Structure formats: C-alpha cells, structure tokens
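The values are calculated or read from the model by the stated rules, or taken from the named source; none is laboratory data. Computed from a predicted structure; not experimentally measured. The area values use the complete protein model at the heavy-atom level, side chains included, leaving out ligands, DNA and RNA. Shrake-Rupley method; radii C 1.70, N 1.55, O 1.52, S 1.80 Å.
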Amino acid sequence: MKFGQQMLESMVKEWEPYYMRYNLLKKIIKKLEERHVSSPQERSYFLSISIPPSTNAAAQPQEGSLEAGDPSPMQEEFFKTLEKDMKSVQDFTDRRLQIMRDMLEAARQLVQKANETRQTKDRETAKAALDNLGEEVLRLEKFVNLNFTGFQKILKKHDRRLPSPCRAFYTKRLQAQPWVRISSTEIISVLGELYAELRGERLDAASPLNTERRTPEHSRQLTKRYWLRAEDVTSVQTRILQHLLILGALKAPGSSEGTAGAQLTTTLYLDNHALEFYKARVEDLPGVSSIQLRWYDTAKPSKVVVERKANALRASGDREVVQDSFVMDAEEVSSLFGSDASHKGNRLAEEVVQMIQAKQLVPTARVQCMRTTFANPAGSLLLTLDTNMAMILERTPDSDSVRNVAETGVWSRDPTKAISADHVRQFPHAILEVRINKEAGAREDSTRFPPWLEDLLRSSAAREVVGFSPYVHSVALLLPEDVEALPGWARDSSLGAASLEQGG
C-alpha cells in the first residue's frame, strides 16, 4: 500500500483537516518533475540570443521556455505548503496538549469525588475518564508520528525526483519543531498516580523500592525480558499504569523529593580481559557471579549502587537472579579495586573486593537508558521499562587494569570528554523486564503473572528474548574481535533489524 493511502486510512477522522497534506505535496512534486523534464536546461546546453523561443500550437511561448516562466514559482509553492503544514500540525498539537491537561484536571476531581463517596458509579466514571485520557495520549502520539513520517517521505521524494535538493535542510527544521519533541511523560506520570489513588494503593515510605537499590539488600528474583517497538511503548505504559504503581524518580542531591516517571539510569559492568562473565552468560553457566555499578540522573554521581548478581536460566525460560547490593559514595568506588582496601563491617563489600582482585575485573561496558519503574505495593512484582538505550565501551587507558583504577581513581569515563563513534551503539528497542521477587511475598512455586500482565506479554507489542542481557549485547557489538561466540538471540533471524548484524 502506498503511503498516501496508508496515511488516509490511519487518520483520526475528526482530526483530518490538521494532518500534513501529503497527497497535495506529492502532486506539486509531480508538476515540478514534468516541468523539469521539458526545461531548456535539459534540452540544450547552449542558449542563443538570436533564435526566437519555440511556440506551441496556439503560437504561444511553449511551456518550459524562458518566456513561459521558470519553475521556481511552483517550487516556492511546495515550500510554502510545507511550512504551512508544519505550522498547522504544531498549532493542533498545542491545542490537543491543552485539552489533555484539562482532561487530567477533570479526571483528578472525579477520582477525588469517587474516593469521598465510595460509590461504584462514581468509581466507574472516574475510571472511564482516566481510560479516555490514556486513549487521547495514544491518539496524539500516532498523530505526531504519522505527520513526522509523512514529512520525511515527501522530502525524500522531492530530492529523488528533482535536481534541487532540500531534504537535509528541512530535515533539520523538522527535527527542531516543538511538536516533534513533545513529551507526554508528565501527563502519563500523573495518570499513573490517579489510577493508584483510585485503587487506594500507595507505596510504603520505608519500602526498599524508594531507595537507590530499588530492591532489598538481598533478593531472589525470577525475571523475563521483552523487546518493545518504539511505537508500542506508550500503549504498554498506559496498560501497566492501570494495575501497578509508577515509582517516583530517586531524589537527586539537594532536591526535596523525586518525581514520578522515567529517570536516567546508568549501569557499568565489570569483566576481565578474557571476558569471563560474557562467556558465562552466553553459555548460561549457572551460579557465575558478576559485579555491576549503577547510578541515577547524572553522569557524575554522588552515590553508587554496587550489585553482585548470580544468574541461572531455568528450562521454563525464566531467569533466576540472586542479588546482593549496597550503596557507597562515588568517590570511594575506586577503593574497591585496591588490594589493601578496608571495608570493615561490610561483608559484601569485602567479598566484592576479593572478587575484583581474584578475577582482575575492570570497567568494560556501560549501558545508559531512561528507566521507568512499576511495582505492586508489596514489591513482589516489579517491572522496569528502559528506553533510549545507549551501549558504551568503557575500556580506557586509565581503567584497563585493576591497578590503574586503584592508582588513578578513575573507574568510569570522563563525562566531559567526547566518546568515539566506534565506542557507542544505540539499541533500537525498548526493554521491558518483569521480575517476581521471591523474597517479597510471592509464592515459592509461583512463576505466573497476573492475568492482565499475561495478556499484555502475549500481545504483539511484546517479544520475549530468552536470556537477553544488555551487557552481553553491548560487548558483542563493541568488542566483536574479542568474542568467540554470539548470544542466542543474535542468531534468531526472526528478530530482523534488532540482530547484531544490523548493528542493533
């Protein structure tokens, strides 16, 4: 199906006048193309000032001759139409955002009323208002994406068919448009809070989910990971919000409180030059422990979560993870690499130091993403949604050995210095991780998810990737000459553009 027809069929009918006019711009290009084919520049390489212009059957200057006019007026019409449509999309998007804010405030009042009256009818009315707002967010997202795709395609068509390229210039203008960069994160966060308020749920202030660790000091979890296409992320989020709490972002230094929603999350993985941990994960060796460092919000953290994890893949496809963690000041992290480091009173820190020394673990790869965390009040079910994921090679001369890290104090890249393009890869999908915390009230034999979650994970929006590891994927991409085997998902041809051969 041609895009013009696809666009017409995908439009929200009552919003039809506000979409970019793809078919009109396509017709202008066609006329410009016809005029260009018969233009004097194409017919002759020499213009004589003594030969009269050619005429048509009506004895008028033939179209395409100088007297018939240069094609530029029609080219100008193309650009004017392009600019007008960009503005139209912007104005409409602004109006819809305001409508959504008004809907949000109205829904807030309905939730408040439902909680006061405790009447079933009022609860149903409030729930319907929240559901409608979620649908409105999805409709606006589809509107923005359909128009963005339309502009990209029409610019590509223009440059392919005409000799005067404009795609590079207008692509920059397009990407700078406010409507292209809108974010519904704030609305979605408040929407999640209102759903929770309507359900009468809240997270205990003392819950470990409110700390830097996001999990207890010791936990045993069953996990599954799924890849989501970018176009499905908002839909998946709004469905999750109807059932789980959206956790607040962790407090940044100097702030009074966190805010709900996505938060920049960085995880730095340690391994040795033999890539021992990489190999263990690829071969699914049980019980092999790894060390990783995690922090939030800033490239230069003040606090760092140190985690030790042991993975085991079950026959069911569930991955059981035993995790221990502690929090330390970022300026003290390099002490973990010192052979004479003392961490008296912290047995786990002492064991981490011993492991780093014995295996000669050094910073190897870093994964950055925007993470949104969801949980039930008990913390027995935890979901993380990672978007905008970047995988970065962490090997540098300052941190290529345990001794260097201990002596220089450098355990991560300097965020002020540029990173070579060869050392960074963007991951094309979002990652949804689902965890059942066996230490937080889940039944010992329970590997089942709630019915609503089962339905979501069986839908076309989610694709399970058994054993997927961001660290393993990043090493396979960034250190291809050092790896002897690729992970199983890299050999799955059904994953298409997300395969390692495609750079994703």
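Here are the numbers for the structure shown:
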{"quantity": "Accessible carbon and sulfur surface of segment 82-126 relative to its total accessible area, %, 1.4 Å", "calculated": "47 percent"}
{"quantity": "Cα pair distances of segment 259-305 binned at 5 Å [whole percent]", "calculated": "5, 17, 21, 17, 13, 13, 10, 3, 0"}
{"quantity": "Potential lengthening between Leu486 and Lys30 on full extension [0.36 nm per residue; Cα-Cα distance subtracted]", "calculated": "159.3 nm"}
{"quantity": "Difference of contour (0.36 nm per residue) and Cα-Cα distance, Asn388 to Gln5", "calculated": "134.8 nm"}
{"quantity": "Long-range amide H partners of Gly409 with built H, under 5 Å", "calculated": "none"}
{"quantity": "Probe 1.4 Å - accessible area at His429, Å² to nearest ten", "calculated": "40 Å²"}
{"quantity": "When each of Lys224/Lys279; Lys127/Lys309; Lys153/Lys224; Lys2/Lys172 is checked by Cα-Cα distance, pairs over 29 Å", "calculated": "Lys127/Lys309; Lys153/Lys224"}
